[in-house]
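The values are calculated or read from the model by the stated rules, or taken from the named source; none is laboratory data. Treat the numbers as computed from the prediction; the structure is a model and nothing was measured. Here the Cβ positions follow ideal geometry from the backbone for every residue, glycine too, while neighbour counts run over all protein chains shown.
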Amino acid sequence: MSKPKTPQGGPEAAAGLLEVRGLCRTFGDHKAVDDVSFTLPPGGSVGIVGESGSGKTTTARMIVGLERPDGGSITVGGRERASRPRNRAERLARAREVQMVFQDPYLSLDPRIAVRDCLDEVLRLHAPELGKPGREARVAELLDQVGLGAREAGALPKRLSGGQRQRVAIARALAANPRVMILDEAVAALDVSIQAQILELLATIRREEGIGYLFVSHDLAVVKHITDDVVVLRNGKIVESGRTADVLSAPQHAYTRLLIDSVPGPGWDPERIAESRRALA
Amino acid sequence: MADTTKSTTKKKNSVPATRAADSATPLLALDDVTLRLPDGAAARPILDGVSLRVERGETIGLVGESGSGKSVACRTVLGLLPKNARTTGEVRVEGTDVLTAGPAGLRDLRRNKVSMVFQDPRASVNPMRRVGDFLTEGLRLGGMSKKDALARAEELLTEVGIRDPKGALRRFPHEFSGGMLQRVVIAAALTSDPALLLADEPTTALDVTTQAEVVGILRRLQATHGTGMLFVTHDLELAAAICDRIYVMYAGRIVESRPAAELFARPRHPYTAALLASTPRLEEGAEPPTAISGRPVSLAEAPTGCAFADRCAFAVDRCRTEKPALVEDGTGAAACLRVEEGILA
Ligand SMILES: Nc1ncnc2c1ncn2[C@@H]1O[C@H](COP(=O)(O)OP(=O)(O)OP(=O)(O)O)[C@@H](O)[C@H]1O
Ligand SMILES: Nc1ncnc2c1ncn2[C@@H]1O[C@H](COP(=O)(O)OP(=O)(O)OP(=O)(O)O)[C@@H](O)[C@H]1O
Ligand SMILES: [Mg+2]
Ligand SMILES: [Mg+2]
């Protein structure tokens, strides 16, 4: 790889790569995100879980900068990003630091642009120093890293399968050389065998690049295998957080218990799940 | 397995459409169904000698990765075929062959016997029409008065757990969350009191708690109405939790079928085993999911031997030249040349 980043060390190591403090966002009179705080250590992986409407995407969008918080702070490497950027350079630097991959990359990939050009575009914006030959080499490297071949490189998004499109979206995020990657239900739409491929790919990338992951999902079985820490959101508030293994083996909050019980597996009982959900309401 | 290239000549209307549903006739029977696109459009059939059964009150799972033919199989049951597709074999609902049924027969089938629920509830409703109109449409077509139809719709909405059914009838789809709208779609599917429900990934777009609720509703309705259900999913854990029996599909063929618990505990086909290994598990100490190497067979490829051979850890030369037939064993059937050798033990 061109520039593997060391996960440890650096002045912000102790402080955490991404620090979110007291984050709030209200839509009308609905508090979508209510006083959310957590830390993503350098090279770490934090899961955000919760049912539909719990505020996961809104939290993610504020961190990337697609949504402005009403209150709270977000820092990456110690630099504040909740406020308005002062100039273009600052806006670019922020965009580069945190990249997002969505559930359906089809909606976020330009349908008229071939995969290779889509990656080239990101490099022109975020790595102008590379020059044309440098960009070409880097595009090849990125495609190789996410397991896409020459045929896919020349293809338009509509000619690719769901799993291939998700690889493109990951390559595009990597092209910006980010420090944090936010994956919002990034494997939810994929069937299990493709999902497993993408999860393996993400694990390899984290190991090799030391990029921190914020992994948004309602599926705890996936979260178990891709995160170190987890934050459980309910109605915009954190009800529980901690090491993923601890939270899953000894959940402290009834809502976390409900999320765990909801995952299909041995002893799965829909009637009981519906009951505990009603009891919590 | 019977020869899949048998002639397409069909007995026309040999079974009266009104034949009573006696218990000896399976609710749904696919017998050696092959479905091909016109020459040149694909190198292999989309469905290749598919046989399956659903009995009254049963939940039967159909699993397999994207593109394996699950949705096409479901739609075939409703007589909805890709344009210019050619079929051989039989699809019988309560004894009536769907593939040779005329327009009147198909209308009767869709209106009175079989309903389908799709993955995305928003795609199955007209966003401009109120939920009440959507729900009563079929009932009115069946000759029910407006008042009775509304009363029935309200009853069904209550059954699927919508709290204010009267109010819901007046609302538009966008005023419902995904989970609530899927309940409305299920209610609509039940207006005809179908004998068979085709559920094509009905919960894939929902979060896990809502999925559990929707599945709970489907199961309760099934118990009270005795409906048979064909449940399509790629989530093996979910299939194992709710299905009596599961069919595993790969590249248009059934490669294994077995009672759910048995399939889970002791898969015999390497593809089933690989699918199980790629499913993330929540149990303590569960291994991380393992991807299946390679990629699925596209419609442009027609492998001579076993379609899974290129991705199979157990494949030998023979697997690339000989097509394995689905062979019955003690609890089900598997289509693998090496199944006898106990390769997965
Ligand atoms: N732009 C917006 N305007 C108004 N309300 C919004 C907006 N965006 C989100 N909301 C509301 O904020 C709440 C949280 O939504 P969010 O999308 O963050 O949930 P989520 O946890 O990502 O859910 P899902 O699992 O369904 O994606 C919801 O009640 C949603 O309706
Ligand atoms: N109307 C059609 N015309 C031509 N090809 C079709 C048509 N419908 C489906 N196919 C092709 O048939 C194959 C099987 O598709 P199908 O939709 O049944 O897959 P599936 O198992 O339901 O997959 P998924 O899990 O993605 O829903 C695919 O290769 C698909 O592209
Ligand atoms: Mg979301
Ligand atoms: Mg499908």
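Every residue, every condition in (1) more than 16 Å from ligand 2 (Cβ to nearest atom); (2) surrounded by fewer than 17 Cβ atoms within 10 Å (Cβ to Cβ); (3) within 24 Å of residue A:16 (Cβ to Cβ), yes or no:
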{"residue": "A:79", "(1), (2), (3)": "yes, yes, yes"}
{"residue": "A:83", "(1), (2), (3)": "yes, yes, yes"}
{"residue": "A:87", "(1), (2), (3)": "yes, yes, no"}
{"residue": "A:103", "(1), (2), (3)": "no, no, no"}
{"residue": "A:134", "(1), (2), (3)": "yes, yes, no"}
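Residue A:180: away from ligand 2 (no atom under 16 Å from the Cβ) and touching an Asp or Glu at 6+ places or on another chain (Cβ under 7 Å), yes or no? Before the answer, list the steps.
On the way: away from ligand 2 (no atom under 16 Å from the Cβ): yes; touching an Asp or Glu at 6+ places or on another chain (Cβ under 7 Å): yes.
Considered against the rule, which asks whether it is away from ligand 2 (no atom under 16 Å from the Cβ) and touching an Asp or Glu at 6+ places or on another chain (Cβ under 7 Å), residue A:180 comes out as yes.
Would you check if residue A:54 is more than 12 Å from ligand 1 (Cβ to nearest atom) and under 25 Å from residue A:253 (Cβ atoms)? Don't jump to the end; show me each part of the working.
Values: more than 12 Å from ligand 1 (Cβ to nearest atom): no; under 25 Å from residue A:253 (Cβ atoms): yes.
So residue A:54 does not fit the description; no.
Name every residue in the range B:237-273 that is farther than 16 Å from residue B:334 by Cβ, crowded, with 20+ Cβ neighbours inside 10 Å and within 15 Å of the chain's Cα centre (by Cα), in order of residue number.
B:238, B:239, B:240, B:242, B:243, B:252
Going by what's in this entry, would residue A:112 be described as more than 14 Å from every other protein chain (Cβ to nearest Cβ), assigned to a loop (DSSP other than H, G, I, E, B) and either over 29 Å from residue A:81 (Cβ atoms) or of a type in the set (S, T, N, Q) (or both)? Walk me through how you get there before you give the answer.
On the way: more than 14 Å from every other protein chain (Cβ to nearest Cβ): yes; assigned to a loop (DSSP other than H, G, I, E, B): yes; either over 29 Å from residue A:81 (Cβ atoms) or of a type in the set (S, T, N, Q) (or both): yes.
Yes, satisfied.
If a residue has to be within 11 Å of chain B (Cβ to nearest Cβ), in a loop (DSSP other than H, G, I, E, B) and either in contact (Cβ under 8 Å) with a residue 24 or more places away in the chain or crowded, with 24+ Cβ neighbours inside 10 Å (or both) to count, how many in the range A:204-253 make the cut?
Adding up the residues that qualify gives 2.
Could you please give the count of residues in the range A:144-203 that are outside any helix (DSSP H, G or I), away from ligand 1 (no atom under 16 Å from the Cβ) and either more than 13 Å from every other protein chain (Cβ to nearest Cβ) or under 14 Å from the mean Cα position of the chain (by Cα) (or both)?
Qualifying residue count, the range A:144-203: 10.
Considering only residues that are away from every other protein chain (no Cβ under 14 Å) and crowded, with 24+ Cβ neighbours inside 10 Å, look in the range A:41-61 and name the one that is farthest from ligand 3 (Cβ to nearest atom).
Checked the range A:41-61; the qualifying residue farthest from ligand 3 (Cβ to nearest atom) is A:46.
Could you pull out every one of the helices (runs of 4 or more DSSP H) wholly within the range B:158-240 that has 2 or more residues that are at pLDDT 90 or above and closer than 17 Å to residue B:123 by Cα? Give the steps one after another, and end with the answer.
On the way: elements: B:165-170, B:178-190, B:208-225.
Where helices (runs of 4 or more DSSP H) fall fully within the range B:158-240 and carry at least 2 residues being at pLDDT 90 or above and closer than 17 Å to residue B:123 by Cα, they are B:178-190.
Checking the conditions here, which among A:176, A:153 is in contact with a His (Cβ under 7 Å, 6 or more places away or on another chain) and in contact (Cβ under 8 Å) with a residue 24 or more places away in the chain? Give the derivation first.
Working: A:153 fails: in contact with a His (Cβ under 7 Å, 6 or more places away or on another chain).
Selected residue: A:176, the only one of A:176, A:153 that is in contact with a His (Cβ under 7 Å, 6 or more places away or on another chain) and in contact (Cβ under 8 Å) with a residue 24 or more places away in the chain.
Looking only at the range B:274-298, filter to residues that are within 12 Å of chain A (Cβ to nearest Cβ) and among the aliphatic types (A, V, I, L, M); which one of those is farthest from the chain's Cα centre (by Cα)?
Keep residues of the range B:274-298 that are within 12 Å of chain A (Cβ to nearest Cβ), which gives B:274-296, B:298.
Next cut, among the aliphatic types (A, V, I, L, M) only: B:274-277, B:282, B:286, B:291-292.
Working: B:274: 21, B:275: 18, B:276: 19, B:277: 22, B:282: 26, B:286: 29, B:291: 24, B:292: 23 Å.
Ranking the candidates gives B:286 first.
Every residue, every condition in (1) assigned by TED's automatic domain parsing to the domain that holds residue B:48; (2) within 16 Å of ligand 2 (Cβ to nearest atom); (3) farther than 26 Å from residue B:174 by Cα, yes or no:
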residue: B:60; (1), (2), (3): yes, yes, yes
residue: B:66; (1), (2), (3): yes, yes, yes
residue: B:80; (1), (2), (3): yes, yes, yes
residue: B:85; (1), (2), (3): yes, yes, yes
residue: B:90; (1), (2), (3): yes, no, yes
residue: B:96; (1), (2), (3): yes, no, yes
residue: B:103; (1), (2), (3): yes, no, yes
residue: B:107; (1), (2), (3): yes, no, yes
residue: B:121; (1), (2), (3): no, yes, no
